[in-house]
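Following: one structure in structure tokens, then a few remarks.
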Amino acid sequence: MTDLATLVEHKNSLKEIIPKLSIDDTIYSKSHLIESLISRFDLNEYHGRIDRIRSIYSDIDQKNKDIIAEIGRIIDSIDHNISNILESKSVSSDIFKESTIISLLPTNEVVRTIFNNKISKISQVRYPGLQINTRLFSPAEINPSNIDGWISLMVASDPLYLMGPSIELLQESLRSFPEIYQKRVRSYELNDKRDLSTLPQAQFNLIFCWDFFNYLSVDVVDLYLQQMIRLLRPGGTLLFTYNNCDLAMSAKLVDWNSASWCTPLLLEKIYSKHGFELIGFDDIISDDVNVSHVSWAELKRPGDLTTSKISQASGAIRRK
């Protein structure tokens, strides 16, 4: 059986050459040149032969369109083959559980800079934020500016909500922060029930999921997006990574049973159904041998982001 990565690579190669095969512009210019001869010279005895030349160009144009159409049918056949493989491998079903996800997605300076710029612009003291699948960076990724993983990028959120496999792991993620800040963070255990109803509704201006949807089936991602749009305020942002299997190396992760199958097209069907607006998709090249790209999507709940909160809440307890 041909593996998914090979099929995706072949499909992408075919899609890439389609624009290069088209000769529409060339045929049009040649046909126009032939037609100009008829309009320039009133020699009827030659017009029939010139028309036959023009007809040959039309035949060539149609043959070229037939070739491109056949390539399209080959691509459709590859997509059908991919679907069959996914079904036989059961990779489209729920083979990963949230409580057992082991982070695979690498970071590098480019990735951290991009997410730092995005998150720092959105996370602010006037709104609560939610980070799902909170993790620490591996020792190889740590430098003084990112020792706290992604949490430090969202400390402005007031309050910050964290969801992870266990409360103990969340506390470990917060270990480098001052104790007074750790007490302000709201920690929730992420279980396999996939129920986000215990979180405040329509309050968050940012939900950030790093290396989470990469392992969950499209059906499970669908379930989460259905709930997440209700957690966001109008104008709020959902930023998440996923395993973009339009890329051959990402499809290879599915062959290895290391990630789940997803594509921008599959995501589009889901987020549009639940009322999200698309801000953008992107694929960032990584330095990892096995994980070639960090793929992410940015969605928005329609509306304008508003709040009556001006600053962080504070107070003191006075003894009588």
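The values are calculated or read from the model by the stated rules, or taken from the named source; none is laboratory data. Keep in mind it's a predicted model, so treat the numbers as computed, not measured. Reconstructed Cβ throughout: ideal geometry from the backbone, glycine too, with neighbour counts over all protein chains shown.
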Scan of region 262-286 for residues that are among the hydrophobic types (A, V, I, L, M, F, W, C) and more than 22 Å from Val111 (Cα to Cα), ordered by number = Leu265, Leu266, Ile270, Phe276
Some residue of region 183-200 being among the aromatic types (Phe, Trp, Tyr), closer than 25 Å to Ser83 by Cβ and modelled with pLDDT of 90 or more = no
query = When region 273-293 is examined, which residues are found to be modelled with pLDDT of 95 or more and not aromatic (Phe, Trp, Tyr)?
reply = Lys273, His274, Gly275, Glu277, Leu278, Ile279, Gly280, Asp282, Asp283
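One line per residue, one yes/no per condition, for (1) loosely packed, with under 15 Cβ neighbours inside 10 Å; (2) within 15 Å of the chain's Cα centre (by Cα):
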position: Phe208; (1), (2): no, yes
position: Asp211; (1), (2): no, yes
position: Gly236; (1), (2): no, no
position: Leu239; (1), (2): no, yes
position: Asn244; (1), (2): no, yes
position: Phe281; (1), (2): no, yes
position: His293; (1), (2): no, yes
position: Arg301; (1), (2): no, no
position: Thr307; (1), (2): yes, no
task = Filter region 170-198 down to the residues that are in a helix (DSSP H, G or I) and in contact (Cβ under 8 Å) with a residue 12 or more places away in the chain, then identify the one that is farthest from Asp219 (Cα to Cα).
result = Tyr181
